[in-house]
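Shown next, in structure tokens, is the structure this report addresses.
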Amino acid sequence: MKQIVKDYLYLLTGSVFVASAFSLFLLPNNLASGGVSGISVITYELFGISPGAFQLVANVLLLIIGWAILGLGFGVKSLVGSIFLPGVILFYEAIDAGAAVDDTLLAAIFGGVGVGVGLGLIFRGRASTGGMDLIAQILHKFTHIPLYLCIAILDGMVVLTAALTFSFTTGLYALIALFITVKMIDFVQLGFTQDKMAYVISEKRDFIVRAVFEELDRGATEIQAIGAYSRLDRPMLMIVVRQSEVSRLKEIIRRIDPEAFLVFSEAHEVLGQGFTSDKRYINVP
């Protein structure tokens, strides 16, 4: 029950973020940055159709089509999101909120941030607002084009149509908003991380593990690997450290084995002992 309430809080809060960013930044500046919301900006310009009403009807119809073709996997939360989000947009229309800023670049930046944060919260609530995602999944089902490419194609078509409807410059601003939205979705779902993951291949891995334990107070995981050329077993260490510990880890490895192979990568949303919970110590050989 607690998780259900949490999911709906994410869904409703995220929907308010998306609707507010759309109504205050994107719509008044003619920024159609993909999706059903982008189409509603274009139809509003061409035919004077209320963006909120257009999104409400389109989302519900697409949800029904999605249920018919893809099954009922989208659930009640998607239906709630498909109705609540356009409802908030209709509220902004009713009070004639107007533009928060007149500068198109600022509108693209803050509109993209607001939509990205909102969608990230909605996804964290394991929900959806329907729309173009459903069309993308239907297109993927029948064409077998990768889903991410289907989404990119559909959003690209919306942005291109916006560029033809308004201006090429406006289309470029819409692309900026779309790019920021994608990045903010990742930020909300994965968090801002300063953690790094190191992969180490060394003949002296036991000494490296001991040094990591004693000098960094970090753990390590040994992964079985095989050299592609030699076909010999080459166990690999995986070590997750904070950004501030990267230099110390590199110094430890270089000191123990200058010939060690070392690769660093980003580690997103690290959970577990030593990061999001207290460390527990056991005796090691």
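Structure summary
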read-out	value
The chain: antiparallel DSSP beta bridges as a percent of all, rounded to 5	95 percent
Reach of Lys204 by Cα under 27 Å, taken over lysines that are not fewer than 8 positions away in the same chain	Lys196, Lys250, Lys279
Accessible area per residue, Å², the stretch 193-264 with all protein chains present, probe 1.4 Å	62 Å²
Length-normalised contact order for the chain - Cα pairs under 8 Å, 6+ apart - percent	21 percent
Net dipole in debye of the chain [+1 Lys, Arg Cβ; -1 Asp, Glu Cβ; about Cα centre; nearest 20]	720 debye
Apportionment of accessible area to carbon and sulfur, the stretch 1-190, percent (1.4 Å)	72 percent
Residue-count net charge about Ile39 - beta-carbon cut-off 12 Å; Lys, Arg +1, Asp, Glu -1	-2
Heavy-atom accessible area ranking, 1.4 Å probe, most first, across Asp96, Asp195	Asp96, Asp195
Eligible lysines near Lys141 by straight Cα distance, threshold 21 Å, same-chain separation 8 or greater	none
Structure-derived semi-axes √(5λ) of the Cα gyration tensor in Å - corresponding label in (1) 40, 23, 18; (2) 37, 26, 20; (3) 46, 20, 20	(3)
Probe 1.4 Å, accessible area per residue of the stretch 3-143, Å²	44 Å²
Proximal lysines relative to Lys6, as straight alpha-carbon distance under 18 Å, when same-chain residues fewer than 8 apart are discounted	Lys77
Three-way shape call for the stretch 85-128 based on the alpha-carbon gyration tensor, with the a/c threshold at 1.5	oblate
Accessible area in the full protein assembly, largest first, 1.4 Å probe, for Met157, Met238	Met157, Met238
The stretch 193-264, accessible surface, carbon-and-sulfur percent (1.4 angstrom probe)	51 percent
Gaussian network model of the chain, springs between alpha carbon atoms under 10 Å - residue of Ser247, Ser202, Ser23 with greatest fluctuation	Ser247
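The values are calculated or read from the model by the stated rules, or taken from the named source; none is laboratory data. The structure displayed is predicted, hence computed values, not measured ones. Using ideal geometry, Cβ is built from the backbone for each residue, glycine included, and neighbour counts are taken over all protein chains shown. Surface accessibility is based on the protein's heavy atoms, side chains included, excluding ligands, DNA and RNA. Shrake-Rupley method; radii C 1.70, N 1.55, O 1.52, S 1.80 Å.
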